[in-house]
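Step one of this worksheet: look at the structure below.
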Amino acid sequence: MKKNLRVFAALAPLLLAACAPTQLVRNKGDAAALAQQEAREQQLAHADHWILQGKLGVSNGKDAGSGGFTWTQDGDRYEFIFRTPISGKSYRLTGGPDGAELDGIDNGPQRGPDAEALMRRALNWEVPLDELRAWVLGLRARGAQADLSFGDDRLPTVLQQDGWTVTYPLWDTTHQPPLPTKVFAEKPPYKVRLAIESWSMQ
């Protein structure tokens, strides 16, 4: 695990610097902005078959890492592949309601009932996967109370939920409804940053 983290630490500045947040417009939004968000959430409520690709950066305040990723969501099942650009090493997280498996790490695959706990144990990453499945679509996750702020285009710029602050510096408005292309989640000292290069809804 320490070897993995040393590799990630060497690569982290490539993405974390490139994904430095820009100044965002933050307002609570009027009735029109809230209505637009509710309409987006209804349109995407059953979006559970998609593939997205891009770059991922993670930090726990001490160690950090970055690389390319492909995330395939197939109903309740998922496959998340992370690739480091220099070593070419890849990590594959798969799972669903019956648990998760992380492959590509030292000492062979590891399994567990919870993907978040598995990544925390194997890689020392804190990634809120359950919530991120909604946040990556620009949606509020189910359960915890969420507060939203909007930009001048009435799309979310900041979402605060479950102790995390999620910012949306950039959206792809060629998709209907629009989808985020940058998603930055932070819960000090933890940071998760996604720069999405392609979306494929199925």
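The values are calculated or read from the model by the stated rules, or taken from the named source; none is laboratory data. This one's a predicted model, so the numbers in the text were calculated from it and none came from an experiment. Note that we place each Cβ from the backbone using ideal geometry, even for glycine, and neighbour counts take in every protein chain shown.
Before moving on, here are some points about what is shown:
- The range 57-148 holds strands (runs of 3 or more DSSP E) entirely within its bounds, and those carrying 1 or more residues that are more than 18 Å from the chain's Cα centre (by Cα) map to 99-103, 110-112.
- Matching residues, the range 150-173, being at pLDDT 95 or above and among the polar types (S, T, N, Q): THR157, GLN160, GLN161, THR165, THR167
- Some residue of the range 181-189 being in a strand (DSSP E or B), among the hydrophobic types (A, V, I, L, M, F, W, C), more than 18 Å from the chain's Cα centre (by Cα) and within 21 Å of GLN42 (Cα to Cα): no
- Evaluated against (1) surrounded by 12 or more Cβ atoms within 10 Å (Cβ to Cβ); (2) closer than 20 Å to LEU129 by Cα, SER198 falls short on exactly one condition, (1).
- Checked against (1) buried (at least 17 other Cβ atoms within 10 Å of the Cβ); (2) in contact (Cβ under 8 Å) with a residue 60 or more places away in the chain; (3) not small (Gly, Ala, Ser), THR72 meets all criteria but (2).
- Neighbours by Cβ (under 9 Å, 6+ apart or cross-chain): first from the range 46-57, touching a residue at least 24 places away in the same chain (Cβ under 8 Å); second acidic (Asp, Glu): ASP48/ASP74; ASP48/ASP76; HIS49/ASP74; TRP50/ASP74; LEU52/GLU197; GLN53/GLU197; GLY54/GLU197; LYS55/GLU197
- Any chance ALA33 is closer than 19 Å to LEU179 by Cβ, at pLDDT 85 or above and surrounded by fewer than 18 Cβ atoms within 10 Å (Cβ to Cβ): no
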